[in-house]
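What follows draws every value from the coordinates through simple rules; no lab data is involved. Bear in mind the structure is a predicted one, so any value in this text is a computation, not a measurement. Cβ: placed from backbone, ideal geometry, glycine included. Neighbour counts: every protein chain shown.
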Amino acid sequence: MKRLKPEEDAFGQEIWACYKGEEAFEIVERDDGYFNASPKGPGLYFLEYEDWDPIDRKSMEYVKGRVLDIGCGAGRHSLYLQKMGLSVLGIDSSPLAIEVCKLRGLKQARVMPIEELNFKPNSFDTVIMLGSNFGLFGSFEKAKRLLKKLHKMTSENGLIIASTRDTYKTDIADHLEYHKRNKEKGRMPGQLKVRIRFRKCVGKWFDYLIVSKKEMEEILKGTGWKIKEFIDSDDSAYIAAIEKT
Ligand SMILES: C[S@@+](CC[C@H](N)C(=O)[O-])C[C@H]1O[C@@H](n2cnc3c(N)ncnc32)[C@H](O)[C@@H]1O
């Protein structure tokens, strides 16, 4: 596995700066030149349970057994579940994010990109992908491939708890134009090609997938997974509890 160098680890740099109490912003650049600066920034990744979005809090009711947190960031969900007595492993492609998780007390934290998931069969009971981390599935085909892999790594009653945003719940012209352009290229409308910028650090381009509920159901077909329940918010964000068929 090729580890990200600190100068490539934009996600990690912003999480590290925030951990040190420095002012930090999250800037996401899309490949059509659209920039999004999150007003809450990486501070969001450090929030305590009481301050999470209600849907994130609700989703914790589904979590059981041995937990894998994919793209764990600064470890807010992992640390909460560890405190609740569960065995949790947080993985992230960012070495700096994993360093922060360890410094914050997460007992099991490992640098591992989702593309290199490598665990024995029946290693976990719940996989969480929160903070819109369904997006890490990247594309229709990659999602199917990784879901099949996750199927093997989880127990018979395994669950995936994943959050995303409904692509189509927007009226922003730039987004609508981007969806159209993606479709013309044979990509999913919500298959966003983005990179993270922090200070002088520019991360690599990667595909981040946002999907409607219908699209998620299409992706799950043939992977051994199906929707158990959707947890809705009052905006475009939602969480899916996904169970084995
Ligand atoms: C939006 S943040 C969410 C963090 C955390 N789940 C939360 O909600 O606080 C996305 C995280 O995914 C990580 N990430 C990005 N690409 C990844 C990949 N290919 N494999 C694993 N983690 C990845 C980033 O480093 C970052 O920590």
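Relative to one another, the C-alpha centroids of region 164-235 and region 126-142 are positioned 10 Å apart. For Arg66, neighbours were defined as the other residues whose beta-carbon sits under 12 Å from its Cβ, and their charges (Lys and Arg +1, Asp and Glu -1) total 0.
Each Lys and Arg contributes +1 and each Asp and Glu -1, all at the Cβ; summed about the Cα centre of the chain, the dipole is approximately 1040 debye.
Note on region 1-63: Cα convex hull, mean projected area over all directions, 6.9 nm². Projecting the Cα atoms of His151, Thr245, Ile172 onto the charge dipole of region 138-245 (Cβ charges, centred on the Cα centre) puts His151 farthest toward the positive pole. Compared with the direct C-alpha span, the chain from Lys148 to Asp51 gains 31.6 nm at full extension, assuming 0.36 nm per residue. Out of all Cα-Cα pairs in region 47-140, roughly what percent, to the nearest whole number, are more than 23 Å apart? Tail fraction, whole percent: 17. Stretching the chain fully between Glu229 and Glu61 yields a gain of 59.3 nm (0.36 nm per residue, less the alpha carbon separation). Ranking of Leu117, Leu81 by neighbouring Cβ atoms within 10 Å, starting from the fewest: Leu117, Leu81.
Can you compute the charge dipole magnitude of region 90-193 about its Cα centre, using +1 on each Lys and Arg Cβ and -1 on each Asp and Glu Cβ, nothing else charged? Give it in debye, rounded to the nearest 20.
For this selection, approximately 260 debye.
Here Arg3 and Ser123 are evaluated by their C-beta separation; at R0 = 25 Å the FRET efficiency comes out at 0.65. Just how large is the dipole of region 1-141 about the Cα centre, in debye to the nearest 20, putting +1 at every Lys and Arg Cβ and -1 at every Asp and Glu Cβ? My answer is approximately 800 debye.
Taking other C-beta atoms within 10 Å as the exposure proxy, His179, His77 rank His179, His77 from fewest upward.
Taking a ≥ b ≥ c as the square roots of the eigenvalues of the Cα gyration tensor, an a/c ratio of 1.5 or more together with a/b larger than b/c marks region 78-187 as prolate. The mean sequence separation of alpha-carbon pairs under 8 Å and at least six residues apart, normalised by the residue count of region 159-245, gives a relative contact order of 38 percent. Both numbers refer to the Cα atoms of the chain; Rg and Dmax are 17.0, 48 Å. Quick one: go through region 163-182 and flag any residue whose amide nitrogen is under 18 Å from the point 7 Å out along the Cα-to-Cβ line of Glu218. Those under the cut-off are 164-170, 176-182.
Could you estimate the translational diffusion coefficient of region 100-148 from the Stokes-Einstein equation, with Rh from the Kirkwood formula over C-alpha pairs, at 10 °C and 1.306 mPa s, in whole µm²/s? Could you put the intermediate results ahead of the total?
Details: Rh = 12.8 Å.
Rounded to a whole number, D works out at 125 µm²/s.
If we count every other residue with Cβ under 14 angstrom of Leu79's Cβ, Lys/Arg +1 and Asp/Glu -1, where does the sum land? Its environment carries a net charge of -1. For Trp16, the shell of other residues with beta-carbons less than 10 Å away shows a net charge of -3, using +1 for Lys and Arg and -1 for Asp and Glu.
Based on C-alpha pairs under 8 angstrom that are at least 6 apart in sequence, region 83-233 has a relative contact order of 21 percent.
Return, ordered by residue number, the residues of region 117-159 whose backbone nitrogen is under 19 Å from a label point located 7 Å along Cα→Cβ of Thr245. Zone members listed by number: 140-159.
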